[in-house]
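The values are calculated or read from the model by the stated rules, or taken from the named source; none is laboratory data. Values in this document were obtained by computation on a predicted structure and should not be read as measured data. So basically every Cβ, Gly included, is an ideal-geometry build from the backbone, and we count neighbours across all protein chains shown.
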Amino acid sequence: MENVLRPVIVVGGSVVLALLIGWSVDRLLRRVDDRHSETSLWGLLRRGRIPFQLVLFAALLRGSYDEAKLLVEHRIGIGRTLTLILIGAAAWLVVSIATAVVDTSYSRYANTHRDPARVRRVRTQVALIQRVVTAVVGVVAIAAMLLTFPAMRAAGASLLASAGILGIVAGVAAQSTLANLFAGLQIAFGDMVRLGDTVVVDGEWGTVEEITLTFLTVRTWDERRITMPVSYFTSKPFENWSRGTPQMTGTVFFHLDHSAPVEAMREELRDILRECPAWDGRDYGLAVTDSTPNTIQVRALVTAKDADDIWTVRVTVRERMIRWLTEQHPHALPRVNTAEAVLPPGQLPGPAHTEPDGAATTRHNHAHSPGPPRTGPGRG
């Protein structure tokens with residue numbers, strides 16, 4: 001009877017005690033979370049309930065297993081298995097606690113600072129810190145698991161003896177990987193590029209969607225994803241439109257006839273921008289920036305609060321200004337001067353402007369050409 005009750009008491013007691021302690025801690029965290037709703041730390045810590053209970057169960061069962069006298073012939077294997085479970089659950093719990101602390105710190109920072117650039121910078125750093133912590137804890141946990149095997153301890157001693165040679169070989173073999181790793185740390189803490197930044201790389205315009213220790217993903221305007229090593233951003237020039245302030249200035253160019261009404265275009269540009277919600281109202285302007293024997297180049301200058309709005313303002317100005325010129329001032333549109341010119345409204349055509357020389361000469365000759373004989377009084 002004792003051989004049956006003892007394993008049941010030991011194993012069942014470990015399970016019940018682990019569940020009871022886990023439930024008590026979870027209830028305590030829930031009460032603290034209700035009292036301190038201004039911070040999300042306690043609610044995030046509750047996500048570690050399962051690894052916490054698993055750590056308690058593995059620790060209690062590992063410590064009391066010898067007293068259970070269960071499967072004595074497999075005592076070493078079962079004890080090692082429980083040790084491995086304990087190490088893995090402890091690593092899981094550490095990662096959960098670290099994630100909760102880091103997420104809470106970022107949420108508090110984001111709620112107290114209104115600068116989007118600084119918030120994106122901290123968000124990038126937080127994401128990389130979480131990955132670094134997870135990787136370090138995972139490596140330490142795997143190393144601790146391997147050291148539970150006696151054969152691996154001897155292998156570890158020999159590896160330490162040849163650490164110098166292995167370091168040189170690994171450094172040569174993983175040169176690009178290490179370069180990307182250090183580049184990722186440089187990006188995270190050097191504030192070169194952040195999550196959510198608008199960048200132009202290799203002629204592609206997009207938004208930084210993901211940053212890891214080795215690669216970076218840019219989402220383009222047409223929903224494509226460009227993945228490139230982070231070392232690209234530390235070794236080659238690129239455009240970061242979100243650096244500093246996100247406010248931007250854009251230009252729209254028009255190629256028009258020399259008779260284009262520039263002053264009226266300035267007034268029309270002002271009316272267009274007043275009706276465009278994407279315009280931030282900071283500045284606008286219109287000027288003739290170049291001229292050729294056939295056309296002039298007119299530049300409209302507009303502003304917006306970010307890259308997305310500046311695109312909207314530019315296309316709106318371009319579309320409405322061209323439509324206005326077509327409807328109100330068709331003579332301002334560029335043309336090839338091989339046909340009769342279209343004069344501005346209100347200007348009467350003169351003899352020197354109505355027709356080309358050839359047409360005028362033809363009409364003049366036609367007016368003086370002999371016609372049919374006239375008939376009338378006195379003609380017989």
Inside region 254-265, the number of residues satisfying the requirement of being loosely packed, with under 15 Cβ neighbours inside 10 Å and within 36 Å of the chain's Cα centre (by Cα) is 1
Practice prompt. Taking residue 302 as the residue in question, decide whether it is outside any strand (DSSP E or B), closer than 22 Å to residue 255 by Cα, modelled with pLDDT of 90 or more and touching a Cys at 6+ places or on another chain (Cβ under 9 Å).
Written response: no
Test: residue 223 is surrounded by fewer than 19 Cβ atoms within 10 Å (Cβ to Cβ) and at positive phi: yes
Residue pairs qualifying under the 8 Å Cβ cut-off, at least six apart or on distinct chains, with the first in region 332-346 being part of a loop (DSSP other than H, G, I, E, B) and modelled with pLDDT under 65 and the second being surrounded by 14 or more Cβ atoms within 10 Å (Cβ to Cβ) and not small (Gly, Ala, Ser), are 341/331
Quick count over region 202-213, residues being at pLDDT 85 or above, buried (at least 20 other Cβ atoms within 10 Å of the Cβ) and not small (Gly, Ala, Ser), is 1
